[in-house]
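Comments concern the structure below.
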Amino acid sequence: MQENAIKVNNTRLVVSALLTGAALKSGDIARMASEALGTEVKTRSISGILSRISDREKCDLGFFIRKSRQGNTLVYSLVREALDLSENHAYGLTRKIGKDRYSLAQATRDFPRLRKYAATDNSAPRQAIRVIRKLVSAAGPQKVIAMNSAQDDPSADRKVEVSVRYSSRYAVSLTTTFSTFVFICCALVLTLAACSFLAYAFFYHLLIIASVVAGVCFAGIFFWRARSRVREKT
């Protein structure tokens, strides 16, 4: 419960910082969050939150977050029209479920000026499969392989995210719909079965020949040793 509370609190602080209208780096927001909480907040933790909430496929607030690169650093800001949102509304757009949830549909009804951003992004084709490298959250589960599922919309297909951790900081994340994930699993099973059948069909005779040759060699060695022992006795 304590880890979840810290994660939610940090997300709200990130949202609050973005609502200032400034273009901010993860280090800037980490300093602001540290001052607000009175304790150190890691830049890596803030980077993970920014990466999630700026991804429109994972978070509705991502429709209104713009990011640009300055050198090797990403800079995040909210579009001007989104600054009319209250902190509770903006934070609610980062939530998938719960009483604090504030849907994208409700936001565009309450703030019509936001519709152009949602409409433009909704009309763009969505990727069936999305593979990215992401930072591993220090507060997240320390698993090598983790799978999460979420229901974005009751009428939409569920999303499945599989993360494979390959270092202490980074993981490879594959995100797709549940139906596509099942299709990929079935395809992998069928591919494995086909490879096994081909191996059986083409190498079965070789395995039999190798087994016979090995048996003959073993028998020859056994009889040769037995004959040598008989000669030594005589």
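Couple of notes before you dig in:
- Packing around the peptides 49-58, 173-182, taken as the average count of other Cβ atoms within 10 Å per residue, puts them in this order, highest first: 49-58, 173-182.
- Treating each Cα of the range 1-118 as an identical point scatterer and summing with the Debye formula, the log10 of I(q)/I(0) at q = 0.13, 0.15, 0.21, 0.23 Å⁻¹ comes to -0.47, -0.62, -1.21, -1.41.
- Using a simple spin-label model with pseudo-atoms 7 Å out from Cα toward Cβ, Y204 and E232 lie 4.5 nm apart.
- Between Y102, V41, L114, the Cα set farthest toward the positive side of the dipole of the range 1-118 (charges on each charged residue's Cβ, about the Cα centre) is that of L114.
Where a number appears in this text, it was derived from the coordinates with a stated rule and is not lab data. All values derive from a computational prediction rather than experimental measurement. No Cβ is skipped: glycine too gets one built from the backbone with ideal geometry, and neighbour counts run over all protein chains shown.
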